[in-house]
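S.K.: There's a structure below that I have some questions on.
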């Protein structure tokens, strides 16, 4: 007999899911004018979780008006009081952390270990961090009299639903802006639970408004004349569309977009920790991470040894029920995303790369993709250039540091990169030459509210987190 | 592939240094993070029952006190054979671990009480500090073997290791191993709490394995920190990599500070997900402990009976 | 050499006004020129009318020069910007004359503009090795990590200089781009290009490596769409473009998400930062 882990599911009892959710406008839950709804499912079981209100243009209009009303109260409030509201929200999020974690796992498909240990605690931490900024804005680096933009339209993705909400809402509120936020179509539930938290915290009506819907709802926010700034996280293609839409307007714009991060491993790397970093870089959150280390650049003289270790480590990855506390890799968020991953991986096969997948048992229902890497990948392969947004790694070898840098930078993206070596001067040399906004040296996929995050080149505009991210919500002297 | 451990180094300082240089370094923060992540594994129901029994069978039930007496040693021997007198399905422990002069007492009592198959391990080579001449260490080891010890837990010379005299550390292990011959297994205690860095732990692990250790052991139990999860992780990585290099599987023995069922199960998770299932048996993994056994027994009773027990429902020794 | 009589009859040697690309002074590859007149409508010069291919060549030169300029020490870049000021000081009379002629300013107003422009180089020169200290940060993250953020150069920036003040406006836009470690492709004031051309001659003798600054004369309206859609330009200072052109540039510039800014205010470190990225580096703290 061997040591098999019995199933250890987190209880769903802590969560109450309503059959139908309304829009959160002006501090109240209101039905959409058109009365339309869409459904959100659990991607691990394909079960319908709830019906969600579909916001049309007129609903967005109503939300913007409510935000304008909210702004009057919020922007005039003593900054220290604004900060205290954020502290209050952070505390409530901590108190209800397990509820958020279970709900996020059910709606998104990501493992409970990640929602419990990363998504939810980091979300609360973002509110704590920004709460402290509210009465110190004159030190934010944009001059002595910084002003909020006004009403900020925020559109967030499905990969870290609550965390991306926190990244957006916390700095916006700390700086005195009010918010109209649209969560992703497939993952609206934790945003709607957050709306309840806003009520519980007695946040003034209209300061946070949450409208659920699809791309058309998002477009209505982007194009609304009453919105003063757009903050978007999502695909590079949509980011470019938004940039074109706001051209010629006074709207501010920050974008967090795609990536094709290079994870560079030199011969003197701490190999076991490097393997952890590679696994964390590409298989964390099913690879649904814009800053994923999706290109492994490995020095040719250690490639075999490293890949042997990686294969062995991948055999330990536990794929399955996201609510099981021992699950490492959960469900792909949607059928559509699964099809995209599958299609790109097949292109790897047909373009001549060699596939290795961990031997996972794929559950009968739901959307799943096994942890996979391709060797024999060159810069010309689609899987080396396009963002897969799934648990698929492309392995590319290099011979010299210069070659590593050239290959790493040879992409229109520039969000993240990793470097693994025991040599301090080589770390700094590599970090200096990488054209990427976040560089993890001897670590990967670390996030913190105090640490600015964002990309070079086509990976985005501006930063989120830290002083730099805060400044993106303030207008100062230019 | 190198096929014998002896071929990894000829024992000269330059050769040892050259060999250790081929090892990849360890990043402390990354190793800590990996160990912490594995500590979140949730082991329930059937897997917990399996783990408890496996952990019991891996215990080197230990008493290493100046106040040890024949009576005390006999008592733990009884406990080793029948950990829970009310439940014969409980397996016996992996070994008894005592000071040199208690070996014959333990061996005799085990043999007389139905514990023939439980080996006696002796801490040897001027345990715990190792601060004695090689002659003394030799005598210590020979004595233990002559009295019936089939496992020798030796300490390395940490002073020599830290001062760079790797040749001395290596040659002592080689020599003690030669005394063990086929009569005793050799466990080499690194005393990781004195080596401090994980890089040192990894190097000392390989040094010991190349010199002929059958087991590498974290600690004497007399120095804190002892068997922390990341240290055990690093040592498990070392035995795994050594097996890759040589085809030889070396055992690992954490000792010191493992007191609860939760601690023990975390160790088994570390073994499973680092070295692999092949190491999940008493031939390749031991836990040096004393108080742990009763906590395992209490948890076992809880699983069997469905309610929580108390300290008075397991025997003191 | 010659007597005073013949000197009185001496014919002026007129200058051919050329482009500045990769450290050289070529004519437009198209062979085109256009006419520049003074404030009274009198002919002054036939500068090159740069084509989209000249723009392309300038971008290539700027891209090639970027790693060297960005990789130079900040102290060194500061010294070189200061050298530009030194070289301008020696040519200030020429700058003043050209500004009087083209912009029709009084001599004192023209002199003031030139002096301010020179002093602005000195001001930005000093920013090169301070921008990182003031606008970078070490970030107190939770966990055993050292984490810092530093401003980093953007790459190649196209600069559409305002029509006037023809020299000061150009320096307001160009100096911060260079201070941030970027290389520049300048499209000079169409109507008043002589300041830019003279500046290129000052820069050509200022230890600025070839390609770090490239200056084109010609039509902003013609070149703007090409610059906006050029995938190897990373940023645009659109201060000199009218709102219609700026909107077009912003739409086309979205194709590679160029950083596009235009400025109403004067000298500010924010103008340097507008064309810089922020790079955040994490490293574990352990033994």
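S.K.: Using label points projected 7 Å from each Cα along Cα→Cβ, tell me how many nm separate residue A:336 and residue C:76, to one decimal.
M.R.: 5.1 nm
S.K.: Now, a different point. Let me know the mean shielding of C:133-140 by other chains, meaning the per-residue number of their Cβ atoms within 10 Å of its Cβ. Please list the in-between numbers first.
M.R.: Numbers: counts 0, 1, 4, 2, 7, 1, 9, 5.
Partner-chain Cβ atoms within 10 Å, mean over residues of C:133-140: 4.
S.K.: Continuing with the same structure: If the viscosity is 0.890 mPa s and the temperature 25 °C, what translational diffusion coefficient in µm²/s does Stokes-Einstein give for segment A:262-441 when Rh comes from Kirkwood over Cα pairs?
M.R.: 150 µm²/s
S.K.: Please build a GNM for chain C, connecting alpha carbons under 10 Å apart, and tell me which residue among C:112, C:18, C:191 fluctuates the most.
M.R.: C:112
S.K.: What does the highest-first list of C:43-55, B:48-60 look like by mean Cβ count within 10 Å?
M.R.: On the way: C:43-55: 20.2, B:48-60: 22.6.
So the peptides C:43-55, B:48-60, ranked by packing, come out B:48-60, C:43-55.
S.K.: Can you tell me the FRET efficiency between residue B:111 and residue A:356 if r is taken as the Cβ-Cβ distance and R0 is 45 Å, rounded to the nearest 0.05? If you can, show how the numbers build up before the last one.
M.R.: Values: r = 53 Å, r/R0 = 1.18.
The value I calculate is 0.25.
S.K.: For a quick size check, give me the Cα extents of segment A:34-136 along its three principal axes, largest first, whole Å.
M.R.: The Cα atoms of segment A:34-136 stretch 47, 39, 16 Å along their principal axes.
S.K.: Provide the packing ranking of A:7-13, A:126-132, i.e. peptides ordered by the mean count of other C-beta atoms within 10 Å per residue, highest first.
M.R.: Details: A:7-13: 14.6, A:126-132: 23.6.
Result, highest mean first: A:126-132, A:7-13.
S.K.: Still on this structure, please answer the following. Any chance you could give the angle, 0 to 90 degrees and rounded to 10, that helix A:271-283 forms with the longest Cα principal axis of chain A?
M.R.: Result, in degrees: 50.
S.K.: Sticking with this structure for a sec: Relative to the longest principal Cα axis of chain B, at what angle does helix B:28-38 sit, 0 to 90 degrees, rounded to 10?
M.R.: That helix lies at roughly 30 degrees to the long axis.
S.K.: Using a 10 Å cut-off around each Cβ of peptide C:244-256, what is the average number of partner chain Cβ atoms that fall inside?
M.R.: Numbers: counts 1, 0, 2, 4, 2, 2, 7, 7, 2, 4, 11, 4, 5.
Mean shielding count: 4.
S.K.: Additional query: What does the structure give for A:443-453 when I average, per residue, the other chain Cβ atoms found within 10 Å of the residue Cβ? Walk me through the intermediate numbers first.
M.R.: Values: counts 10, 2, 1, 9, 3, 9, 3, 8, 12, 8, 3.
Shielding by partners across A:443-453 averages 6.
S.K.: Points 7 angstrom from Cα along the Cβ direction at residue C:56 and residue B:291: gap in nanometres?
M.R.: Taking the simple label geometry, residue C:56 and residue B:291 are separated by 7.9 nm.
S.K.: I'd like to know how segment A:345-436 sits against the 2.2 N^0.38 Å rule of thumb: what's its Cα Rg over that expected value? Numbers along the way, then the final one.
M.R.: Numbers: Rg = 15.6 Å, N = 92, 2.2 N^0.38 = 12.3 Å.
That works out to 1.27 for segment A:345-436.
S.K.: Report the residue, chosen from C:68, C:31, C:211, that carries the largest GNM mean-square fluctuation when chain C is represented by alpha-carbon nodes joined by springs under 10 Å.
M.R.: In the Gaussian network model the winner is C:31.
S.K.: While we're here: Using only Cα atoms, find the angle between the long axis of helix C:52-71 and the longest principal axis of chain C, and express it within 0 to 90 degrees, rounded to the nearest 10.
M.R.: Here the helix axis deviates by roughly 50 degrees.
S.K.: For a Förster distance of 51 Å, can you work out the FRET efficiency between the beta-carbons of residue A:18 and residue B:259, rounded to the nearest 0.05? List each step's numbers first, then the result.
M.R.: Values: r = 46 Å, r/R0 = 0.91.
It comes out at approximately 0.65.
S.K.: Continuing with this model, one more query. Convert 20 °C to kelvin, take the viscosity as 1.002 mPa s, use the Kirkwood radius over C-alpha pairs of the protein assembly as shown as Rh, and evaluate the Stokes-Einstein diffusion coefficient in µm²/s, rounded to a whole number. Can you show the working numbers first?
M.R.: Numbers: Rh = 32.7 Å.
Rounded to a whole number, D works out at 65 µm²/s.
S.K.: Tell me the label-point distance for the pair residue B:311, residue A:80, using the 7 Å Cα-to-Cβ offset, in nm and rounded to one decimal.
M.R.: Simple spin-label model gives 5.1 nm for this pair.
S.K.: Let me ask something else about it. Set the Förster radius R0 to 45 Å, insert the Cβ-Cβ distance between residue C:142 and residue C:264 as r into 1/(1 + (r/R0)^6), and round the FRET efficiency to 0.05.
M.R.: Values: r = 40 Å, r/R0 = 0.90.
About 0.65, to the nearest 0.05.
S.K.: Can you tell me the length gained on complete extension of the stretch residue A:216 to residue A:305, counting 0.36 nm per residue apart and subtracting the Cα distance?
M.R.: Values: separation 89, 0.36 × 89 = 32.04 nm, distance 4.93 nm.
Result: 27.1 nm gained on full extension.
S.K.: Per DSSP H run of at least 4 residues, take -39500 (n - 2.57); add these up for the protein assembly as shown, divide by its residues and hand me the 222 nm value, nearest 500 deg cm²/dmol. Let's see the in-between values first.
M.R.: On the way: 39 runs with 458 residues, N = 1082.
Only helices count here, giving -13000 deg cm²/dmol.
S.K.: Still on this model: In a solvent-free Debye calculation with one equal scatterer on each Cα, what is log10 I(q)/I(0) for segment C:144-191 at q = 0.27, 0.30 Å⁻¹, listed in the order of the q values?
M.R.: -0.94, -1.06
S.K.: How big is the shadow of the Cα convex hull of segment A:85-242, averaged over all directions, in nm²?
M.R.: Details: hull surface 36.8 nm².
Directional mean of the projected Cα hull area for segment A:85-242 stands at 9.2 nm².
S.K.: How big is D for chain B, in µm² s⁻¹ as a whole number, if Stokes-Einstein is applied with the Kirkwood radius of its Cα pairs at 37 °C and 0.692 mPa s? Mind dumping the intermediate values first?
M.R.: Details: Rh = 19.7 Å.
Estimated via Stokes-Einstein, D reaches 167 µm²/s.
S.K.: I've got another one for you. Can you give me the orientation-averaged projected area of the convex hull built on the Cα atoms of segment C:44-284, in nm²?
M.R.: Mean orientational projected area (segment C:44-284, Cα hull): 13.2 nm².
S.K.: Under a no-solvent Debye model with one identical scatterer per Cα of segment C:229-285, what's log10 I(q)/I(0) at q = 0.20 Å⁻¹?
M.R.: Listed by q, the Debye log ratios stand at -0.79.
S.K.: Residue C:134 label point, 7 Å along Cα→Cβ, cut-off 13 Å on backbone N: hits in segment A:139-156?
M.R.: It comes to A:141-144, nothing else.
S.K.: Can I get the semi-axes of segment A:392-478's equivalent ellipsoid? Compute them from the C-alpha gyration tensor as square roots of 5 times the eigenvalues, in angstrom, largest first.
M.R.: 27, 15, 12
All of the numbers you see were taken from the coordinates with simple rules; none came from a lab. In this text the structure is predicted, and so the values were computed from the model without any measurement. Note: ideal-geometry Cβ built from the backbone for every residue, glycine included; neighbour counts use all protein chains shown.
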